[in-house]
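The values are calculated or read from the model by the stated rules, or taken from the named source; none is laboratory data. Just so it is clear, the model here is predicted, and its values are computed rather than measured. Glycine also receives a Cβ, built like all others from the backbone with ideal geometry; neighbour counts cover every protein chain displayed. For the accessible areas, the whole protein counts, side chains as well, though only heavy atoms, and no ligand, DNA or RNA atoms are used. Shrake-Rupley method; radii C 1.70, N 1.55, O 1.52, S 1.80 Å.
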Amino acid sequence: MKQTEVLLQPNPNARIEEFVYEKLDRKAPSRMNNPELLGQYMIDAGNEFGPGTAYGNALIKCGETQKRIGAADRELIQTSAINFLTPLRNFIEGDYKTITKERKLLQNKRLDLDAAKTRLKKAKVAEARAAQLNTSQPEENNIMSEQEVRITQSEFDRQAEITRLLLEGISSTHAHHLRCLNDFVEAQMTYYAQCYQYMLDLQKQLGSFPSTFLSNNNQASTTPVQSVSSPSVLASASASLPSVSNSMVTSGLSELKSSSGSRKARVLYDYDAANSSELSLLADEVITVYSIPGMDSDWLMGERGNQKGKVPITYLELLN
């Protein structure tokens, strides 16, 4: 239970504050979590750079995604607290304490019963000796010991029945907590699926203008920065870099732009189309590309069989 609380709220000060407000029966003040704070700072910084700049626009998009992740994180904490932590805490602080108390009481009754049986055993030994001496005092002690054993045995049996009934309910408690555990796993699954989808959407948004990562004064950079999503993509990209120089690639693209013909091009990196006007690409595949009058200088038209759409120039290597 404690480690789940740590997982959902790593900040110990925040946990203490929530505990104090809970004991005071007051609602804790709402504060932004870490992803929401990061998102807000990114959005503020993006607005300072200017939403019209590539970097400022990208910061704003990243900030909005971070805030969505923060909202999903808040929902995970709330759902897990209601469906998993609260039932577990109620059991530990309620039924479990009762069971522990009754079991402890049963142990004490057993010790009392053992002690009474020991006294009865000693009384019988004393009675046997007294019989040889023709005295009656030990016999009276024997009667008292037998009565004590009957009383303590009755108390033990009653306490054993109470404890047994409580322990029999553990099986249904386990079934209930199993459902709660499934709810917790489902909440985590939903959270991670949401985060993955948010980041996937963000990657598509950033990938929709890879060649517009220019300097903030809107002057074109001589070396466009590629957007790489993972180490594996980086490795494949490094392995598939063209052997020709940047100037040769640029001149080949310029030549294609000025002509009305088409060329074969090899795809350098995977690319997911941001909308229906674009064509999704797979690394190392070969497609046909050509230019259309009036088209943005950073894009070409690509064809793969019956599929057609815009493709970013920086994802391509023209073939001879």
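Against the conditions (1) open to solvent by 50 Å² or more (accessible area, probe 1.4 Å); (2) farther than 30 Å from Gly207 by Cβ; (3) of a type outside the set (Lys, Arg), where does Ser80 fall short? Just the number, please.
All conditions pass for Ser80, except number (1).
Mind checking which residues of region 266-304 are modelled with pLDDT under 90, more than 17 Å from Gly207 (Cα to Cα) and out of contact with any Ser or Thr (no Cβ under 7 Å at 6 or more places or on another chain)?
Result: Ser291, Ile292, Pro293, Gly294, Met295.
What pairs can you find where one residue is in region 18-41 and acidic (Asp, Glu), the other is modelled with pLDDT of 75 or more, and their Cβ atoms are less than 6 Å apart, with a gap of 6+ or different chains?
Glu36/Lys67; Glu36/Gly70
Quick one: how many residues across region 147-169 are among the aliphatic types (A, V, I, L, M) and either touching a residue at least 60 places away in the same chain (Cβ under 8 Å) or in contact with a Lys or Arg (Cβ under 7 Å, 6 or more places away or on another chain) (or both)?
Step one: filter region 147-169 for residues among the aliphatic types (A, V, I, L, M), giving 149, 151, 160, 162, 165-167.
Pick out the ones that are also either touching a residue at least 60 places away in the same chain (Cβ under 8 Å) or in contact with a Lys or Arg (Cβ under 7 Å, 6 or more places away or on another chain) (or both) and you get 149, 162, 166-167.
Of the residues in region 147-169, 4 are among the aliphatic types (A, V, I, L, M) and either touching a residue at least 60 places away in the same chain (Cβ under 8 Å) or in contact with a Lys or Arg (Cβ under 7 Å, 6 or more places away or on another chain) (or both).
In this structure, is Arg103 within 28 Å of Met1 (Cβ to Cβ), open to solvent by 40 Å² or more (accessible area, probe 1.4 Å) and part of a helix (DSSP H, G or I)?
Against the criterion (within 28 Å of Met1 (Cβ to Cβ), open to solvent by 40 Å² or more (accessible area, probe 1.4 Å) and part of a helix (DSSP H, G or I)), Arg103 qualifies.
Here is a check on your reading of the model: is Lys61 out of contact with any Pro (no Cβ under 9 Å at 6 or more places or on another chain) and either of a type in the set (Lys, Arg) or surrounded by fewer than 12 Cβ atoms within 10 Å (Cβ to Cβ) (or both)? Spell out how you get there, then give the answer.
Values: out of contact with any Pro (no Cβ under 9 Å at 6 or more places or on another chain): yes; either of a type in the set (Lys, Arg) or surrounded by fewer than 12 Cβ atoms within 10 Å (Cβ to Cβ) (or both): yes.
So Lys61 fits the description; yes.
If I go through region 302-320 residue by residue, how many of them are among the aliphatic types (A, V, I, L, M) and not in a strand (DSSP E or B)? Give the derivation first.
Our first condition is that a residue be among the aliphatic types (A, V, I, L, M); within region 302-320, this holds for 311, 313, 316, 318-319.
Now restrict to residues that are not in a strand (DSSP E or B): 313, 319.
So the answer is 2.
Scan region 287-309 for residues that are closer than 16 Å to Asp270 by Cβ and either in contact with a helix residue (DSSP H, G or I) (Cβ under 6 Å, 6 or more places away or on another chain) or surrounded by 13 or more Cβ atoms within 10 Å (Cβ to Cβ) (or both) and jot them down. Spell out the reasoning first.
So the first thing to find is which residues in region 287-309 are closer than 16 Å to Asp270 by Cβ, and the list is 287, 302, 304, 307, 309.
Matches in region 287-309: Ile287, Gly302, Arg304, Gly309.
Where residues in region 247-265 are modelled with pLDDT of 60 or more and under 48 Å from the mean Cα position of the chain (by Cα), which of them is least open to solvent (accessible area, probe 1.4 Å)?
By that ranking, first place goes to Ala265.
If you take the residues of region 156-195 that are among the aliphatic types (A, V, I, L, M) and within 26 Å of Arg110 (Cβ to Cβ), which of them is surrounded by the most Cβ atoms within 10 Å (Cβ to Cβ)? Give the derivation first.
First, the residues of region 156-195 that are among the aliphatic types (A, V, I, L, M): 160, 162, 165-167, 170, 175, 178, 181, 185, 187, 189, 193.
Narrowing the set further to residues that are within 26 Å of Arg110 (Cβ to Cβ) leaves 160, 162, 165-167, 170.
Numbers: Ala160: 14, Ile162: 14, Leu165: 10, Leu166: 16, Leu167: 12, Ile170: 13.
Checking each candidate, the answer is Leu166.
I'm trying to understand the selection: among the residues of region 46-102, which are free of Cβ contacts under 8 Å to residues at least 40 places away in the same chain and closer than 30 Å to Thr163 by Cβ?
Thr86, Asn90, Glu93, Gly94, Tyr96, Lys97, Thr100, Lys101
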